Amino acid sequence: MSADESGRSSSDEPWPVRVVSQKVGAWIARLGWVWVDGQVAQISRRPGASTVFLTLRDPSADLSLTVTTNRDVLDAGAPELREGARVVLHAKPEFYAARGTLSLRADEIRQVGLGELLARLEKLKKLLAAEGLFDRARKRRLPFLPGRIGLITGRASAAERDVLTNAQRRWPAVEFRTVNVAVQGPGAVPQIVDALKVLDADPAVDVIVIARGGGGIEDLLPFSDEALCRAVFACRTPVVSAIGHETDAPLVDYVADVRASTPTDAAKRIVPDLAEELRLIRQARQRVERAVRNLVDREAHRLDGLRSRPVLARPQVMVEQRAADVTALRQRAGRTLHHRLGAAQDELRHTLARLRALSPAATLERGYAIVQRADGHVVRSAGEVSRGDALRVRLAEGALAATVDG
């Protein structure tokens, strides 16, 4: 029976479980000895037995492995080992085909000391800083008045009480969505990361606070975990870190958008102080009222200055003066028009007199007559008519018919 490069059998026949277990065990056996870093979640020492069983947990994930070792190995490398301690062990992976389980067999165990922990944290700090997780340019401003605040903290802890009490004292209407998690120990990091995801997905949460009281460096190690730092960096919601006291500085403080020195300080940063805001509003209203009064007073003085001027003290004077000007102009126009009408009437009268003097009717009134032929032609000479021609004689009053007889 052979397998191709993809790991599947070249034939279509299924493999028995026994064969699969043997192949998995053979592959794991080829891994050899490895160095493993983890946190001790459980220690089992049976009286009189030379074998010690450890449960080694990954601080960043919900994952654990069983470790078997000799009591002498444990006493030589970590005689004071307690649950929750960080260790580095030299072990070989082993697969138990009968139970289908994977475990580690250790021949050397070293408890990680404080100095080594600090060195690892410093190395991780430089790595995260190089990747830009601490960059100030990406840090977001907190909302002035968040609608709802997400709080991640230990159950019934002093940190939870400090944040809730102080925030409600500052702004009584503040709303919280609290997720209680383990804040130390092997399960702390996975629980905090899951709580971050839940609160970040809630559209009603405007800011997330991670709060924990003080403690030793080992107690605060979960808040320097790489997985937690990356989860905080990936949040779309602004995150406030309130871990320990002012002197404590876990790595999550550098990644968070705002670092609060204590949980009480976090409460002061996430919500405004109602009394202080009311005082500021009163001061602003007083400044506005003073500004309005000053403006009104200034404009009133300006109006008084304008009203004191002669043209505004007796404004009717200007109207009376213009009315007098209009009356004078009207009288002047009337006289000019009357004069022109009189001159035109005299000229018309003289013209009529001249017309009457030169009019043919005036000549007829003096006894003259106008003689016309039948065709209407005026006779000016006797030679213009002949015997027997009919004539019309026009007088001043009426006309006569005549015939030329000689």
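The values are calculated or read from the model by the stated rules, or taken from the named source; none is laboratory data. Please read all numbers here as calculations on a predicted model, not as lab measurements. Counting neighbours? That spans all protein chains shown, and the Cβs are built from the backbone with ideal geometry, glycine included. Side chains are part of the model used for accessible areas, which takes the heavy atoms of the whole protein and leaves out ligands, DNA and RNA. Shrake-Rupley method; radii C 1.70, N 1.55, O 1.52, S 1.80 Å.
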Task: Criterion: open to solvent by 20 Å² or more (accessible area, probe 1.4 Å), modelled with pLDDT under 90 and not acidic (Asp, Glu) - qualifying residue of ALA130, ALA98, ALA173, ALA91 - done: ALA98
Task: In the range 355-386, the residues that are assigned to a helix (DSSP H, G or I), open to solvent by 50 Å² or more (accessible area, probe 1.4 Å) and either modelled with pLDDT of 85 or more or closer than 30 Å to ALA402 by Cα (or both) - done: ARG356, ALA357, LEU358, PRO360, ALA361, GLU365, ALA382, GLY383, GLU384
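Scan the range 176-190 for residues that are of a type in the set (S, T, N, Q) and part of a helix (DSSP H, G or I) and report the count.
So the answer is 0.
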TODO: Please go through the range 198-217 and pick out each residue that is surrounded by 15 or more Cβ atoms within 10 Å (Cβ to Cβ), assigned to a loop (DSSP other than H, G, I, E, B) and of a type outside the set (A, V, I, L, M).
DONE: ASP206, GLY213, GLY214, GLY215
Open item on the list: Testing LEU31 on (1) open to solvent by 70 Å² or more (accessible area, probe 1.4 Å); (2) within 30 Å of ARG18 (Cα to Cα); (3) without any contact (Cβ under 8 Å) to a residue 40 or more places away in the chain, one condition comes back false. Which one is that?
Closed with: (3)
- [ ] State yes or no: is THR262 hydroxyl-bearing (Ser, Thr, Tyr), open to solvent by 80 Å² or more (accessible area, probe 1.4 Å) and within 24 Å of LEU164 (Cα to Cα)?
- [x] no
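If you check VAL319 against the conditions, is it out of contact with any Ser or Thr (no Cβ under 7 Å at 6 or more places or on another chain) and either open to solvent by 60 Å² or more (accessible area, probe 1.4 Å) or without any contact (Cβ under 8 Å) to a residue 60 or more places away in the chain (or both)?
So VAL319 passes the test.
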- [ ] Look at the range 149-163 and say how many of its residues are closer than 14 Å to ARG269 by Cα and either assigned to a loop (DSSP other than H, G, I, E, B) or open to solvent by 40 Å² or more (accessible area, probe 1.4 Å) (or both).
- [x] 1
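Can you go through THR237, THR165 and tell me which one is within 20 Å of VAL258 (Cβ to Cβ), among the polar types (S, T, N, Q) and touching a strand residue (DSSP E or B) at 6+ places or on another chain (Cβ under 6 Å)?
THR237
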Open item on the list: Out of everything in the range 1-28 that is surrounded by 13 or more Cβ atoms within 10 Å (Cβ to Cβ) and of a type in the set (Ser, Thr, Tyr), what residue ends up being modelled with the lowest pLDDT?
Closed with: SER9
Open item on the list: All but one of (1) assigned to a loop (DSSP other than H, G, I, E, B); (2) surrounded by 15 or more Cβ atoms within 10 Å (Cβ to Cβ); (3) over 28 Å from the mean Cα position of the chain (by Cα) hold for VAL193; state the number of the condition that does not hold.
Closed with: (1)
Open item on the list: I want to confirm something. Restricting to the range 218-234 and keeping residues that are aliphatic (A, V, I, L, M), within 28 Å of VAL174 (Cβ to Cβ) and not in a loop (DSSP other than H, G, I, E, B), which single residue is nearest to the chain's Cα centre (by Cα)?
Closed with: ALA234
Open item on the list: Being surrounded by fewer than 17 Cβ atoms within 10 Å (Cβ to Cβ), assigned to a loop (DSSP other than H, G, I, E, B) and of a type in the set (Phe, Trp, Tyr) is the requirement here; does PHE144 meet it?
Closed with: yes
Task: Among the residues listed as LEU306, LEU337, the single one being open to solvent by less than 70 Å² (accessible area, probe 1.4 Å) and either modelled with pLDDT of 80 or more or within 60 Å of the chain's Cα centre (by Cα) (or both) - done: LEU306
- [ ] Report, ordered by the first and then the second residue, all pairs with beta carbons closer than 7 Å, sequence separation of six or more or different chains, a first member in the range 155-182 that is hydrophobic (A, V, I, L, M, F, W, C), and a second member that is buried (at least 19 other Cβ atoms within 10 Å of the Cβ) and part of a loop (DSSP other than H, G, I, E, B).
- [x] ALA158/GLY213; ALA159/GLY213; ALA167/VAL174; ALA167/VAL271; TRP171/VAL271; VAL174/VAL271
